[in-house]
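First comes the structure, then the notes that go with it.
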Amino acid sequence: MANINYANKEIIIKIVYYGPGMSGKTTNLQVLHQMVPKDAASRMISLATEQDRTLYFDLLPISLGSVKGFNTKFQLYTVPGQVYYNTTRKLVLNGVDGVVFVADSQQGKMPENKESLENLRENLAEYGIDMNTFAVVMQYNKRDLLPVYSIEELQRELNPMGFPYAEAVAFKGQGLMETLKLISKLTLQRIGSKSGAQVQDADGNPATPAPAAAPAQQAQPATSSDFFKNLQNKMK
């Protein structure tokens, strides 16, 4: 759930890129990090495993500037794709606000996509999250590697709930901003509809927001057009 720090007037939103191994999760973050303005993203932090060729996880905080007086930041994470790293996947999902599921479009990869998607559903459920009502965006990656499944096939097999989706070629940067904008919109809409966002005082302890005062009143409109104008301007 979004972390709203009223003392620092900051909203931090956690997005996790999930999917099977080698689907392009890490590439998404690496290329996004190159695409965004230098003043909008801090240094990417990466931890590598001894066995896995991909990164253990990435952290890419993207600052979107001030929204209604609050500094809004996204923290983008990836998770290991391999099954034997499931404990790490669960840990990275703790406190998640939205998920981008990166599916491999190549023919023959459907079983791996389905296994990872079911794993995501199970891990979210352990945190009391119903994936069907959560902020999820499907990204169909590797659209350039023929032969690929058609979008209709991918939608039928992986997206019966009708989550928003984007087509992508991650290493070329194609579809990455579209994906980020989709998940940004969903998470902010969801946060705006909830009243239980985590709030901290100046010492980082749980605090109760001032009743009917400016901070709580001002943070809520970040669910609509002001945010997206800011996002689109920052990411040009």
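The values are calculated or read from the model by the stated rules, or taken from the named source; none is laboratory data. Since the model is a prediction, treat every value here as computed from it, not as a measurement. All Cβ positions, even for glycine, are placed from backbone atoms using ideal geometry, and neighbour counts span all protein chains on display.
Which count do you get for residues in region 119-144 that are hydroxyl-bearing (Ser, Thr, Tyr) and buried (at least 22 other Cβ atoms within 10 Å of the Cβ)?
The number of residues fulfilling the criteria is 1.
Quick check on region 87-118: of everything there that is of a type in the set (S, T, N, Q) and either out of contact with any Ser or Thr (no Cβ under 9 Å at 6 or more places or on another chain) or buried (at least 22 other Cβ atoms within 10 Å of the Cβ) (or both), which residue is nearest to Glu178 (Cα to Cα)?
Only one residue tops the list, namely Ser105.
Assess whether Met161 counts as being over 17 Å from Ile13 (Cβ atoms) and at pLDDT 85 or above.
Answer is yes for this residue.
Between residues in region 178-190 that are closer than 15 Å to Met35 by Cβ and of a type in the set (Ser, Thr, Tyr) and residues that are part of a helix (DSSP H, G or I) and modelled with pLDDT of 90 or more, which pairs lie under 8 Å by C-beta distance while being six or more apart or on different chains?
Going by the 8 Å Cβ cut-off, the qualifying pairs are Thr179/Asn28.
Return the pair list, or none, for Cβ contacts closer than 9 Å from residues in region 52-66 that are at positive phi to residues that are modelled with pLDDT of 80 or more and of a type in the set (Gly, Ala, Ser), at least 6 apart or on different chains.
Gly65/Ala40
Considering each of Asp52, Asp58 in turn, give the residue that is at pLDDT below 80 and part of a loop (DSSP other than H, G, I, E, B).
Every option except Asp52 fails the conditions.
Report whether or not Tyr84 is modelled with pLDDT under 80, surrounded by fewer than 15 Cβ atoms within 10 Å (Cβ to Cβ) and among the aromatic types (Phe, Trp, Tyr).
Answer is yes for this residue.
Given the criteria modelled with pLDDT of 95 or more, of a type outside the set (A, V, I, L, M, F, W, C), exposed (fewer than 14 other Cβ atoms within 10 Å of the Cβ) and touching a strand residue (DSSP E or B) at 6+ places or on another chain (Cβ under 8 Å), does Pro147 qualify?
yes
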